[in-house]
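This report refers to the structure that appears directly beneath it.
The values are calculated or read from the model by the stated rules, or taken from the named source; none is laboratory data. The model shown is predicted, which means the values in this text are computed figures rather than measured ones. Glycine gets a Cβ as well: all are built from the backbone with ideal geometry, and neighbour counts include every protein chain shown.
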Amino acid sequence: MNITSFTKTNWIACATLAASSLLPTANIMADTAPTPEEQEAYAVGMLAYIYGYPMIVMEKSHLGMTATKTVDPTRFLAPQGVWASATQLAGPQMKNIQSTNNDTIYSWIWVDLSTEPFVYVKPATGDRFYTTQFVDAYTNNFAYVSSRTDGPAEKTVALVGPGWSGKLPVGIERLEAPTDKVFVILRLAVDGEADMANIKVLQAKSEFKPLSNYLAETDPKSAPAPTNPGYKGPLSDFEWIGDLIAKNRPPADEAGLMGMFERIALSPDYGFQEDKLSDAQKKGLARAAKDGLAAIEAAAKNIGREVNGWQMPPVSDVFFGTDYMLRAVIAWQSVFQNTPVEAYYPALYTDATGAQLDGSSESYVLRFEKGNLPPVNAFWSITLYDLKNRLMVANSINRYSIGDRTKGLVYGSDGSLEIYIQKDDPGGKKSSNWLPAPDAPFYLLMRTYLPKQAMLDGRYQPPAVTTAK
């Protein structure tokens, strides 16, 4: 089978990772070593797992966020097909999406385009930053309606699924989706709780509904909540992947990859057929599911370039293209990240010595020298998450991020900015610049909205985090 269509440099790394596991180790006796049949299933399974893992994260987010009959904006819940909006900034109560932000207010919808298009009306936004992100079933960002792409004026588009050939009313722009399942997120910049009254006006003017309801000027009925298949067992992840690629067919240029996956009874034509596998193949796939996740977690700490400990993600106009490991890492770390030109997210797991950030044992300082703040055309922030759950952590001052819009920041006499990252209040003037940390390991995400070219091309180097003296 011809697989040259996907053997790009960034994908070869995934294959190399899987193939490296085929090498025998000195402490494995010949009679207990995996058979070639098991090893082949393991190698292909590693590739399939890395490829399909984002779809699992996407679907579990879908199931969790639509398991309701009514909108619950505090927990990011809404029935499928219902356009909903948050009414308060995200915090520790937000558990359905990992590594979410509290710089912006979300409006969101999960849509199924298999029946008809959905129409999106984005109101005029003035000078307020906004970005509407369209995400397919593979977590690829396939389109934007944003400050960068469309400016502040009102805009109306129809989101159209694969194969739909109907006509749209004059004045509605056609936006093609690669899969029937799509998640859409509108992010509106918000300047703290005092700005929420202005946000609510914009939220009331925005719309996202089926074409038939838009034309009839009626509200849509809530769709039934999607069914959770509840897969269990060591091969459950491959069952998830099989279902999802069958319902949302991969791009045509990935046919070679899909041909390889048929070696493990995984195909967009029929899903996953465990009963067609031998015991040796099942054993290999069970190992791949475990090791695939471990490989993604390990790659999250070493993806892109490293600058002073910060992981600077690769920059591409197409997010993610064929960089399947990057796609998997982002799904694990912070699913639904924006494409870099919209917002760029360096991540930090370690201090200047290479040790894991840990609020139980250390206090830290992040010092920006004068003139070395993150270069952006909109704004920037740094948000802290606990490492285990990848969620914000409750703290005494309800501060979960800090950045150039944080009220009361104190700059040094030399123009520098020091941020104190620790579990206890540093006291005095330092309290103004305190980012509370948990009594546990954690990591940081820097968010730069509409980053300048210096951020994207690597000229900007964020400073290291050092332990407090």
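Among the residues of region 142-184, write down those that are under 20 Å from residue 330 (Cβ atoms), surrounded by fewer than 20 Cβ atoms within 10 Å (Cβ to Cβ) and touching a Ser or Thr at 6+ places or on another chain (Cβ under 7 Å). Across region 142-184, the qualifying residue is only 144.
Quick one: would you say residue 402 is farther than 25 Å from residue 331 by Cα and under 27 Å from the mean Cα position of the chain (by Cα)?
Answer is no for this residue.
Note on region 280-378: enclosed strands (runs of 3 or more DSSP E) holding 3 or more residues that are within 21 Å of the chain's Cα centre (by Cα) and not acidic (Asp, Glu) are 310-312. Among the residues of this structure, residue 99 counts as one that is in the same structural domain as residue 209 (by TED's automatic domain parsing) and under 29 Å from residue 237 (Cα atoms).
From the list 361, 334, pick out the single residue that is outside the structural domain of residue 250 (by TED's automatic domain parsing) and crowded, with 21+ Cβ neighbours inside 10 Å.
Selected residue: 334, the only one of 361, 334 that is outside the structural domain of residue 250 (by TED's automatic domain parsing) and crowded, with 21+ Cβ neighbours inside 10 Å.
Checking the stated criteria, residue 87 turns out not to satisfy the condition of being of a type in the set (Val, Ile, Thr) and on the phi > 0 side of the Ramachandran plot. Of all residues in region 131-164, which are part of a loop (DSSP other than H, G, I, E, B) and over 20 Å from residue 250 (Cα atoms)? Passing the criteria: 151, 152, 153, 154. In this entry, residue 406 is excluded by the filter for residues that are assigned to a strand (DSSP E or B) and under 25 Å from residue 127 (Cβ atoms). Residues that are of a type in the set (Gly, Ala, Ser) and on the phi < 0 side of the Ramachandran plot within region 366-388 comprise 378, 381, listed in sequence order. Applying the condition of being part of a strand (DSSP E or B) and buried (at least 22 other Cβ atoms within 10 Å of the Cβ) to region 76-105 and asking which residue is farthest from the chain's Cα centre (by Cα) yields 84. For region 419-439, the set of residues classified as closer than 23 Å to residue 99 by Cα and crowded, with 16+ Cβ neighbours inside 10 Å consists of 419, 420, 421, 422, 423, 433, 434, 435, 436, 437, 438, listed by residue number.
Against the numbered list (1) farther than 21 Å from residue 146 by Cβ; (2) part of a helix (DSSP H, G or I), residue 223 comes up short only at (2). Scanning region 308-354 for residues that are touching a Leu at 6+ places or on another chain (Cβ under 6 Å) and of a type in the set (Val, Ile, Thr) yields a single hit, 315.
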